[in-house]
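Below is one structure, written out as structure tokens, with a few remarks after it.
The values are calculated or read from the model by the stated rules, or taken from the named source; none is laboratory data. No experiment lies behind these values; they were computed from the predicted model shown. Every residue, glycine as well, gets a Cβ built from its backbone with ideal geometry; the counts of neighbours run over all protein chains shown. What goes into the accessible areas is simple: the full protein's heavy atoms, side chains included, and nothing from ligands, DNA or RNA. Shrake-Rupley method; radii C 1.70, N 1.55, O 1.52, S 1.80 Å.
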Amino acid sequence: MALLPFQGVDNVAAGTVFVRVAVERGVDRDEGLTYRFEGAAGGIAVGERVEVPVGRGDQRVGGVVLEVGGAEMLGDFEPGRVKAVLRATGARLPASLVELGRWLAGYYCCPVGMVLASMLPAAVKAGTGSKTLRLVTRVEGVEPAEKLTKSVTAAWEALRSMDAGAFPMDPRVLAAELGASNAGPVNKLIAMGVLGWVEQRTVLAPELFEHAETGALRAVELTPAQASVVDGISGTMGGFGVHLVHGVTGSGKTEVYLRVLERVLAAGKNAVVLVPEIALTPQTAGRFVARFREFGVAVLHSGLPASARHKQWQAAASGEARVVVGARSAVFAPVRNLGVIVVDEEHDSSYKQDQLPRYHARDVAIKRAHIEGCTVVLGSATPSLESWHNARSGRYGLWRLDDRVGGGRMPRVTVVDMAKERLAMRAERGKASESEAIGPTLGKALARALDSGGQAILLLNRRGFASVVVSSDKTSGWKLECERCDATMVVHRGSVREQAGRRYVRCHHCGDERLIPAKCPMTGKPVIELGTGTQRVEEEIERRFGASHGLVRGQPGGFERVDADTMKRAADYFDVLGRFGRGELRVLLGTQMIAKGLDFPGVSLVGVLSADTALALPDFRAEERTFQLVAQVAGRAGRGERPGAVVVQTYNPENPAIVLAGRHDYAAFAEKELANRKRASLPPATRMARVVVRDEDHAKAWARAAELVGLLREVGGAGGDQVRVDGPQDCVIARIADKWRVGVEIVAGDPRVIQGVLAALRARGLVKSDAATAVDVDPVAMM
């Protein structure tokens, strides 16, 4: 413990400074631990990252200062035994972010120290790339007091004409600036006291990935609809407000963001722009970098080396960069004097973090804007039902962009019933190959697009070769399952090891691999590989279109597969997009990585190989995700002069999500789905929190979950019928990495009711987010 009890504070020396620190451990104390700071009060501030001793062994642990004060902070503790802060690391969060972190800790039921630790990138905490440089600067008011040589005289005259703002600088750079052939004149001026040495802490890092800036600076005339949105949002600035921009794909939402940012920067304010990680391409970032280069733009994403991430973070913290563009964690960028936060593709599930703290960046952006008194702009062609509900109820401003810019038309969508396609194939060939993912309608459309010089995007949101290995004897019921998870294992080719010609399968949940048996262990019959993944489609494309259209993976004029198995680094992804943009590749085959954020005018065909992937999931958001995925990928077609076509393959052609996505009718889908949610008392008609108890012993996990249900009902009972507690029940995936998972759901009409119940149990130490218990407030996945 940092403190021991005593009676009174009379013996505390005047001016002694104490701080409360949220340590980067699972210590669930909102007020933090108290330490003595051996320095003046002005030497430390709220938000400072420090290192402090923790526990009996005085383990050195990082933490963030929550409060600075005097002896009044001690209460009934002996000041002489209060431990001292070991050191301040130099990294600091703005006070507004500390306030935000404390809100996150309460709302998402997570120790405040862990929340604040997640706000600071690991590279910043480690000081990656930091170096102290020895530079020279001009000493004002000092002139040479002795006779100068010709070379030093020339250097002195050049030095006098230099702008004082150019200093400090490297002495070798200065010598070159002064026209000296070596550092001799500079050294002489240092010896005379005209120049002096200074030390400067900096971060050395490689440059960012190359930005695609073509056309980024070209003057664009706004459509009347765009101008109306920009004027409307800008007219409400100067205080907190949330705006939802619902614009069809290709309607120019990004240009709206850029114009809003122009007005914010002109007013002396700064901006943060959030983009889903997979959509943060050089093309996307480049538009912001090119438009706002003079104001400084920092780009934060997972593809950056650690030192580059540190450098970009420091640029935002110092004010050198007034615009930050980044993925989910950029919501914590240390930008001061915020004027606007933009959340592009606000519906994207990647904004929700799946580990502690389980925050949603869109919601955190709104809370940050509320704290800082600024504007939030949410944008999407397929808004989340939560945002749509808030906009329709008047909580958010709602702005519509119903038409594509430049007079472009939305692509024509053909929904194909794959059951009928299979029957047609069987009638034509005498059989229908279940392994063929590209049906006759899509196959012909792809051939036409290629013959006309167009490009195509093919989406299958399932990687690997086959999704399951089963016995050829259907009566046995045997399938190859992971020994550590309640899930089947996925067949991969090439990316998973082989042994003596036999291949391994991989679990997508825990990463374990197993050898595929030659025969069914129950019947001795051969095994077969069922289901289709992107690898199997890759083989099909080369077999069916390789000779006729030159579609060979990786070859000029061919195609590339874009999924987690091929795109190991951000640079791999950016390289493929660059080649596709230059026309070197004619087809992209991939998972949801290619479903959004891509703007290529040559794409005349989009094919959705299976629109049913998400529909089959036992999750109340399944239809919403299906609509979003189909509508978003369909929006990649027809963005140039070529008319666009979309072919959607499905075994559920009458499903409303697929039918309405084919009609590009988001409003009709949203109203229908909201009505369904209201009848079922599901979000956004209600609010939800989910607790998953984990243990290697199923009985223990179930018992703990059952105990939690009893406590929740006991505490929530005071509110009458305001809280519904469902469970315990095994999760859909009941076991992952040897841990059984038992879920409990808390549902209420008001989020404050859920917060009250969780806070009451948390105060009694009965629930917290840790390795054994995952508390997920506003969950987006129910698996």
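Could you please find all residues in the range 292-307 being under 26 Å from MET237 (Cα atoms) and either surrounded by fewer than 24 Cβ atoms within 10 Å (Cβ to Cβ) or under 17 Å from the mean Cα position of the chain (by Cα) (or both)?
Result: PHE292, ARG293, GLU294, PHE295, GLY296, ALA298, VAL299, LEU300.
Take the range 308-324 and flag every residue that is assigned to a helix (DSSP H, G or I) and open to solvent by 20 Å² or more (accessible area, probe 1.4 Å).
ARG309, LYS311, GLN312, GLN314, ALA317, SER318
Which residues, counting only those in the range 187-201, are modelled with pLDDT under 85 and open to solvent by 80 Å² or more (accessible area, probe 1.4 Å)?
Correct list: GLU199, ARG201.
Does at least one position in the range 379-400 carry a residue that is of a type in the set (D, E, K, R) and either within 23 Å of ASN270 (Cα to Cα) or under 17 Å from the mean Cα position of the chain (by Cα) (or both)?
There is no residue in the range 379-400 that is of a type in the set (D, E, K, R) and either within 23 Å of ASN270 (Cα to Cα) or under 17 Å from the mean Cα position of the chain (by Cα) (or both).
If you check every pair at least six apart or on different chains, which have Cβ atoms under 7 Å apart with a residue in the range 494-510 that is closer than 21 Å to ARG561 by Cα and at pLDDT below 70 first and a residue that is among the acidic types (Asp, Glu) and in a loop (DSSP other than H, G, I, E, B) second?
From the range 494-510, the pairs are SER495/ASP565.
Name the one entry in ARG463, ARG514 that is of a type in the set (D, E, K, R) and surrounded by fewer than 22 Cβ atoms within 10 Å (Cβ to Cβ).
Checking each option against the conditions leaves just ARG514.
Here are ARG536, ARG553: which of them is of a type in the set (D, E, K, R), closer than 24 Å to GLU436 by Cα, open to solvent by 10 Å² or more (accessible area, probe 1.4 Å) and in contact with a helix residue (DSSP H, G or I) (Cβ under 7 Å, 6 or more places away or on another chain)?
ARG553
Looking at this structure, is ALA330 closer than 18 Å to VAL115 by Cα, small (Gly, Ala, Ser), assigned to a helix (DSSP H, G or I) and open to solvent by less than 20 Å² (accessible area, probe 1.4 Å)?
For ALA330, the condition - closer than 18 Å to VAL115 by Cα, small (Gly, Ala, Ser), assigned to a helix (DSSP H, G or I) and open to solvent by less than 20 Å² (accessible area, probe 1.4 Å) - is met.
Output the number of residues of the range 697-708 satisfying the condition of being part of a loop (DSSP other than H, G, I, E, B) and either touching a Pro at 6+ places or on another chain (Cβ under 6 Å) or open to solvent by less than 40 Å² (accessible area, probe 1.4 Å) (or both).
Number satisfying all stated conditions: 0.
With (1) open to solvent by less than 20 Å² (accessible area, probe 1.4 Å); (2) of a type in the set (A, V, I, L, M, F, W, C); (3) in a strand (DSSP E or B) as the list, and ALA88 as the residue in question, which single condition is left unmet?
So the condition that ALA88 fails would be (1).
Are any residues in the range 578-590 crowded, with 22+ Cβ neighbours inside 10 Å, touching a helix residue (DSSP H, G or I) at 6+ places or on another chain (Cβ under 8 Å) and not basic (Lys, Arg), and if so, which ones?
LEU585, VAL587, LEU588, LEU589, GLY590
Somewhere in the range 679-688, is a residue out of contact with any helix residue (DSSP H, G or I) (no Cβ under 9 Å at 6 or more places or on another chain) and without any contact (Cβ under 8 Å) to a residue 12 or more places away in the chain?
yes
A quick yes/no check of all residues on (1) over 21 Å from MET237 (Cα atoms); (2) at pLDDT below 95:
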residue	(1), (2)
VAL323	no, no
VAL331	no, no
VAL340	no, no
GLU346	no, no
ASP354	yes, yes
ARG362	no, no
ARG368	no, no
THR375	no, no
PRO383	yes, no
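Restricting the range 339-391 to residues that are part of a helix (DSSP H, G or I) and in contact with a Ser or Thr (Cβ under 7 Å, 6 or more places away or on another chain), which is least open to solvent (accessible area, probe 1.4 Å)?
In this case the residue turns out to be ALA369.
For the range 654-708, which positions are more than 23 Å from GLY743 (Cβ to Cβ) and hydrophobic (A, V, I, L, M, F, W, C)?
Within the range 654-708, ALA657, ILE658, VAL659, LEU660, ALA661, ALA667, ALA668, PHE669, ALA670, LEU674, ALA675 qualify.
Go through the range 237-255 and give me each residue that's in contact with a strand residue (DSSP E or B) (Cβ under 7 Å, 6 or more places away or on another chain) and more than 28 Å from GLY638 (Cβ to Cβ).
Those that are in contact with a strand residue (DSSP E or B) (Cβ under 7 Å, 6 or more places away or on another chain) and more than 28 Å from GLY638 (Cβ to Cβ): MET237, GLY241, VAL242.
If you check ARG735, ARG694, which single one turns out to be touching a Lys or Arg at 6+ places or on another chain (Cβ under 9 Å), open to solvent by 50 Å² or more (accessible area, probe 1.4 Å), in contact (Cβ under 8 Å) with a residue 60 or more places away in the chain and not in a loop (DSSP other than H, G, I, E, B)?
ARG694
Please go through the range 92-122 and pick out each residue that is open to solvent by 10 Å² or more (accessible area, probe 1.4 Å), under 15 Å from GLN314 (Cα atoms) and in contact with a strand residue (DSSP E or B) (Cβ under 9 Å, 6 or more places away or on another chain).
ARG92, PRO121
How many of the residues making up the range 645-673 are of a type in the set (A, V, I, L, M, F, W, C), open to solvent by 30 Å² or more (accessible area, probe 1.4 Å) and touching a residue at least 60 places away in the same chain (Cβ under 8 Å)?
Residues meeting the conditions: 1.
Of (1) part of a strand (DSSP E or B); (2) over 19 Å from GLN353 (Cα atoms); (3) in contact with a helix residue (DSSP H, G or I) (Cβ under 9 Å, 6 or more places away or on another chain), VAL775 satisfies all except one. Which?
Failing condition for VAL775: (2).
Just checking, does the range 281-291 include any residue being open to solvent by less than 10 Å² (accessible area, probe 1.4 Å), within 21 Å of PRO94 (Cα to Cα), touching a strand residue (DSSP E or B) at 6+ places or on another chain (Cβ under 7 Å) and of a type outside the set (Val, Ile, Thr)?
No, the conditions are met nowhere in the range 281-291.
Each row is one residue, and each column tells you yes or no for (1) at pLDDT 85 or above; (2) surrounded by fewer than 16 Cβ atoms within 10 Å (Cβ to Cβ).
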position	(1), (2)
MET1	no, yes
VAL12	no, no
VAL17	yes, no
ARG20	yes, no
GLU51	yes, no
LYS83	yes, no
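For the range 216-301, please list each of the helices (runs of 4 or more DSSP H) lying entirely inside it that holds at least 2 residues being β-branched (Val, Ile, Thr) and in contact with a Gly (Cβ under 9 Å, 6 or more places away or on another chain).
Qualifying helices (runs of 4 or more DSSP H): 224-234, 253-266.
Only residues that are acidic (Asp, Glu) and outside any loop (DSSP other than H, G, I, E, B): list them for the range 581-600, please.
Hits for the range 581-600: nothing passes.
Do you know which residues across the range 123-160 are within 41 Å of the chain's Cα centre (by Cα) and in a helix (DSSP H, G or I)?
Those that are within 41 Å of the chain's Cα centre (by Cα) and in a helix (DSSP H, G or I): ALA123, VAL124, LYS125, ALA126.
Quick check on ARG409: is it assigned to a loop (DSSP other than H, G, I, E, B) and out of contact with any Lys or Arg (no Cβ under 9 Å at 6 or more places or on another chain)?
yes
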